[in-house]
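The values are calculated or read from the model by the stated rules, or taken from the named source; none is laboratory data. Remember, it's a predicted structure, so these values are computed and weren't measured experimentally. All Cβ positions, even for glycine, are placed from backbone atoms using ideal geometry, and neighbour counts span all protein chains on display. SASA here: full protein model, heavy atoms, side chains in, ligands and nucleic acids out. Shrake-Rupley method; radii C 1.70, N 1.55, O 1.52, S 1.80 Å.
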Amino acid sequence: MDSNKVYKIASVCGAGYATSGWIAARLNDALQLKGIKAEITEVKVVDLALVAANFDLIVSASMLSDIYNVPVVASSSIITGIGFDETLEIIIKKLEEVSDKK
Amino acid sequence: MSEIANAISVFFGWINSLGATVMLPIALFLIGIAFGLKPAQSFVNGLRVGIGFYGLNLMTGAIASTVGPLANALVERTGLALSIPDVGVAVHFPITFSLTAAAFMIPLGILVNVVMLLLKLTKTVDIDVWNFWPSMFSWACVQGLTGSAFYGFLAFVFTVAISLVLGDMQAKYIEKYYNMPGISFPHPFSSFFGLLAWPFMWLFDRIPGIKDWNADIDSLQKKIGPLGNSTVFGLVIGIGLSFLGGYDVIKALQTGVVVAAILLLLPEMLKVLMSGLFPISEAARKWLTQRFPGREFYIGLDCAVGVAQPSAVIVAVLLIPITLVMATILPGNKLLPLADLAYLGFWVAMPMAMFKNNIVKGVLFGAFAIGVSMLMATSIAPLVTRLAVEAGTTIPEGVSQISMLTVYPWAWVTTWFSSLFTGGIF
């Protein structure tokens, strides 16, 4: 994994400020602990289609269809705490794949 | 004694005169400390909430100067009765947070939740403290109507409680059709429209054409995705309404950009405000999940999670033109939908699970539900306008009332109920 890369992550929910922001804050803390730099932006789901290409990864409060050519991970476990570690592992794996590709 | 009473009333008068931009940071600083945050962190968080609130007020001024004249021009030129602009959170927020009690909605909401858990009246542990904001709006409206903080408090407790109970009842659909076991949406918006969707669930399954008619979600999402972008449709709707109102090309283009800006910038201001609250949410979440472990209880999230379902996204976009057309033909409606057009997914956040993600059912129900909201928004507009003015909101020039499409339905219900005792006038 590229330790200098700053990964661009979209955190998606319906409104784009409450749930997604909370997920972004928690995910950012967890990634920092693992030494991964990320820039996480909250996005409201209706706005995603036009901006999806700007991101390395999409984490969505609910499982979105994988149609944006950007990997999507369901993120509600990040706030419920149930399955948090598994979700974090998947996110890190997807980020590794991104950095391998580029 | 009277001197003490006097001092107390002077003190509270002084607190109120501070205004929300000062009162909120102070109160949230203290609440942060009570939740065990470090003073420095709690101070910065409180300040962010004040800054976000100030940003929201700035936006209201900008909205007023553009949307007011636009609504006026539309009414004059077309004869449509759409005289009440929908200014969305720009009116929700000041009304809710001008109330001193709003600073304490998080501990109060948690208290109601915990009492209900202990009495086994609910299985939901509501970890998303933002679910209490719409309940606070019930408080603000009922207190505004009756003048009684106690009745406002009762409306708040009722809204929190009924959302928890309905959230429990609706959780099985979330597990089955959103594939999220153990999650419920104890949110006042989704709980109401989930309740409203129950008879439709039954009805739709008895109409042969609708029962099995569905669309391919992935391909639809690809096709209409870009149209759903809130800045794009803000621009298009702003220009379209300008032409209807008889503006020239230059003024129409300018208005289009302003409407797009409103749809993008209002949530940006909220982001700042919300970010100051995450540490308190975090502390509340930890405290609650330690005492009420997740595998035995439903974990309550904001229904914004449901809005991000692919089926709900598509329905939200399809509902935009339907909402605009309905606004013009629905008898009794005076609301000009604008700022909340980016959030139409909230009407189906819960119902989409109940309709098994069927797009056609979602659109049919969504149109009905938004019609209900328009009439609620129209009828509560006088109260909302008065409270907004009292909270220091700028009312658009030449407009006598403002309201919002996302008027929280339980707030309307509790206000309507209260109005039965105050003479039936909002």
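For the reader, a short list of remarks on this structure follows.
- Placing unit charges on the Cβ atoms only, positive for Lys and Arg and negative for Asp and Glu, gives the protein assembly as shown a dipole magnitude near 340 debye about its Cα centre.
- As a fraction of the 1.4 Å probe accessible area of the protein assembly as shown, surface on carbon and sulfur atoms comes out at 64 percent.
- Each stretch of four or more DSSP H residues adds -39500 (n - 2.57); spread over every residue of chain B, this sum gives -23500 deg cm²/dmol at 222 nm.
- Distant-in-sequence amide H partners of B:Ile183 (H built 1.01 Å from N, under 5 Å): B:Ile299
- Most fluctuating residue given options A:Thr19, A:Thr80, A:Thr41, as computed from a GNM of chain A linking Cα atoms under 10 Å: A:Thr80
- Length-normalised contact order for chain A - Cα pairs under 8 Å, 6+ apart - percent: 30 percent
- Result for chain B in a Gaussian network model with C-alpha springs under 10 Å: among B:Val44, B:Val348, B:Val87, the largest mean-square fluctuation is at B:Val44.
- Interface residues of the range A:8-23, defined as those losing at least 20 Å² of solvent-accessible heavy-atom surface relative to the isolated chain (probe radius 1.4 Å), are listed as A:Gly14, A:Ala15, A:Tyr17, A:Ala18, A:Thr19, A:Trp22.
- B/A buried area, accessible surface, summed, 1.4 Å probe, Å²: 3100 Å²
- Structure-based [θ]222 nm, chain A - -39500 (n - 2.57) summed over DSSP H runs of at least 4, per residue, nearest 500: -12500 deg cm²/dmol
- Net charge, A:Ile9 excluded, C-beta distance under 11 Å - Lys, Arg +1, Asp, Glu -1: 0
- Extending 7 Å from the Cα toward the beta-carbon at both B:Ser65 and A:Phe84 defines two label points whose distance is 4.6 nm.
- Selection among B:Ala7, B:Ala367, B:Phe193 by position relative to the dipole of the protein assembly as shown gives B:Phe193 as farthest towards the positive end (Cβ unit charges, Cα centre).
- Rounded to the nearest 0.05, the FRET efficiency derived from the C-beta distance between B:Leu195 and A:Glu39 at R0 = 45 Å is 0.65.
- Comparing each chain alone with all protein chains together (probe 1.4 Å, DNA, RNA and ligands left out), the residues of the range B:276-299 losing at least 30 Å² of accessible area are B:Phe278, B:Glu282, B:Arg285, B:Arg295, B:Ile299.
- With θ taken as phi - 60° and the Karplus curve 6.51 cos²θ - 1.76 cosθ + 1.60 applied, the whole-hertz 3J(HN,Hα) list for the range B:194-201 is x, 4, 5, 7, 4, x, 5, 4 Hz, x standing for glycine and proline.
- Dipole of chain B [Lys/Arg +1, Asp/Glu -1 at C-beta], most positive-end residue of B:Gly19, B:Phe158, B:Ala171: B:Ala171
- Listing of the range B:304-321 residues, each with accessible area lower by at least 50 Å² in the full protein assembly than in the chain alone (probe 1.4 Å): B:Ala308
- Selection from B:Ile329, B:Leu241, B:Val142, by position along the positive dipole direction of the range B:20-422 (Cβ): B:Val142
- Choice from B:Ile210, B:Ile402, B:Ile359 with maximal GNM fluctuation in chain B (Cα, 10 Å cutoff): B:Ile210
- Inter-part distance where the range B:206-256 and the range B:271-289 are each reduced to a Cα centre, Å: 35 Å
- Mean separation of Cα contacts under 8 Å (6+ apart) over length of chain B, as relative contact order %: 28 percent
- Computed about its Cα centre, the charge dipole of the range B:20-422 is approximately 560 debye, with only Lys, Arg, Asp and Glu carrying charge at their Cβ.
- Ligands, DNA and RNA are left out, and with a 1.4 angstrom probe the accessible area of the protein assembly as shown is 40 Å² per residue.
- Rounded if a/c under 1.5, otherwise prolate or oblate - chain B, Cα gyration tensor axes: oblate
- The Kirkwood hydrodynamic radius of the protein assembly as shown, based on inverse pair distances between different Cα atoms, is 23.5 Å.
- Under a model in which nothing but the beta-carbon of Lys, Arg (+1) and Asp, Glu (-1) is charged, the range A:6-101 shows a dipole of about 140 debye around its Cα centre.
- Rounded to the nearest 10 Å², the accessible area of B:Arg386 at probe 1.4 Å: 100 Å²
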